[in-house]
Amino acid sequence: AQTVTQSQPEMSVQEAETVTLSCTYDTSESDYYLFWYKQPPSRQMILVIRQEAYKQQNATENRFSVNFQKAAKSFSLKISDSQLGDAAMYFCAYRSPYTGANSKLTFGKGITLSVRP
Amino acid sequence: EAQVTQNPRYLITVTGKKLTVTCSQNMNHEYMSWYRQDPGLGLRQIYYSMNVEVTDKGDVPEGYKVSRKEKRNFPLILESPSPNQTSLYFCASSVGGAHNSPLHFGNGTRLTVT
């Protein structure tokens with residue numbers, strides 16, 4: 001079974017600075033998909049970014065980018081020019097290429113990001 | 001607007017009193033799923049449905065039931081709720097069980113069982 005590990009429960013960043021959130025995963029599959037979700041205090045789950053394992057190029061969405069290291073099974077999220085609205089809990093998630101029971105998202109435990117004005 | 005709608009947002013009940021949390025999506029998604037979120041544990045899958053009339057257990061199905069009689073609806077049923085089912089619940093859907101399609105989440109239901 002796949003596992004997703006977010007080892008840092010909390011992080012803090014100064015407004016306008018850059019912060020990197022870490023995520024590692026364990027899998028024996030060669031193809032899979034990785035996601036970062038944001039959960040603000042409103043508790044909505046918002047998709048931030050996704051990465052296909054077969055793509056070598058790191059995904060980017062405006063101020064959000066990932067550093068995907070397939071061999072190391074690492075998938076970190078970088079937030080540039082941090083804004084107060086980035087304060088939230090962030091979840092890293094893994095999805096298998098197979099359907100059925102394996103089609104679920106496996107989540108890490110999350111990391112709480114605070115942004116200092 | 002494309003969305004997943006859950007109701008209610010907050011629910012307080014007593015042990016043993018049957019309850020249903022509704023979930024509906026308007027995106028014609030085939031795949032639907034229920035998760036529970038607990039502090040320090042992240043989100044864990046309760047049940048999922050690949051399509052109408054096709055449902056199966058996730059990682060933590062004990063004490064829950066689901067049904068998928070229509071494509072758009074996927075209610076979560078607690079026949080006899082217990083305090084350990086106090087949690088934040090999310091319904092989610094995606095185009096299919098396809099690996100590259102992200103899950104779209106509802107706004108969550110905060111359930112308290114006393």
Exercise for review: Only residues in the range A:26-47 that are facing chain B (nearest Cβ under 10 Å) count as the first member; pair them with residues that are among the acidic types (D, E), Cβ under 7 angstrom, at least 6 apart or cross-chain, and list the lot.
Suggested key: A:Y33/A:E52
Point to revise | the range A:52-82, subset in contact with a strand residue (DSSP E or B) (Cβ under 7 Å, 6 or more places away or on another chain) and among the basic types (K, R), residue farthest from A:Y37 (Cα to Cα) | key: A:K73
Check your understanding: For A:E61, all conditions in the list (1) touching a residue at least 24 places away in the same chain (Cβ under 8 Å); (2) closer than 22 Å to A:M89 by Cβ hold save one; what is the number of the exception?
Key -> (1)
Revision key, fill the gap. Given the conditions (1) within 11 Å of another protein chain (Cβ to nearest Cβ); (2) in a strand (DSSP E or B); (3) free of Cβ contacts under 8 Å to residues at least 60 places away in the same chain, every one holds for B:S33 apart from (3)
Check your understanding: Are any of the residues in the range B:1-15 of a type in the set (G, A, S) and surrounded by fewer than 18 Cβ atoms within 10 Å (Cβ to Cβ)?
Key -> yes
**Study point:** For B:P102: the one exception among (1) exposed (fewer than 14 other Cβ atoms within 10 Å of the Cβ); (2) within 8 Å of chain A (Cβ to nearest Cβ)
**Key:** (1)
Exercise for review: Say whether the condition of being within 30 Å of B:R110 (Cβ to Cβ) and more than 16 Å from the chain's Cα centre (by Cα) is met by at least one residue in the range A:43-60.
Suggested key: yes
Point to revise | Among residues of the range A:67-111, those that are over 12 Å from the mean Cα position of the chain (by Cα) and farther than 24 Å from B:G58 by Cα, counted | key: 14
Review point. If you go through the range B:28-51 one residue at a time, how many are more than 10 Å from the chain's Cα centre (by Cα) and surrounded by 14 or more Cβ atoms within 10 Å (Cβ to Cβ)?
Key: 11
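If you scan the range B:80-97, which residues turn out to be surrounded by fewer than 16 Cβ atoms within 10 Å (Cβ to Cβ) and modelled with pLDDT under 95?
B:V95, B:G96
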Practice item. Identify the single condition in (1) among the polar types (S, T, N, Q); (2) within 10 Å of another protein chain (Cβ to nearest Cβ); (3) without any contact (Cβ under 8 Å) to a residue 12 or more places away in the chain that A:Q6 does not satisfy, given that it satisfies every other one. Key: (3)
Check your understanding: What is the residue count in the range B:36-58 for residues that are of a type in the set (S, T, Y) and within 8 Å of another protein chain (Cβ to nearest Cβ)?
Key -> 1
Practice item. Report, by residue number, each residue of the range A:30-78 that is in contact with a Lys or Arg (Cβ under 6 Å, 6 or more places away or on another chain) and under 20 Å from A:M11 (Cβ atoms). Key: A:F35, A:I46, A:V48, A:S65
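Here is a yes/no grid of residues against (1) of a type in the set (V, I, T); (2) under 23 Å from A:P9 (Cβ atoms):
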residue	(1), (2)
B:Q45	no, yes
B:T55	yes, no
B:E70	no, no
B:P75	no, no
B:S82	no, no
B:F105	no, yes
B:G108	no, yes
B:T112	yes, no
Check your understanding: For the range B:19-35, what are the residues that are closer than 20 Å to B:K57 by Cα and of a type outside the set (S, T, Y)?
Key -> B:L19, B:V21, B:C23, B:H29, B:E30, B:M32, B:W34
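The values are calculated or read from the model by the stated rules, or taken from the named source; none is laboratory data. The model shown is predicted, which means the values in this text are computed figures rather than measured ones. Cβ: placed from backbone, ideal geometry, glycine included. Neighbour counts: every protein chain shown.
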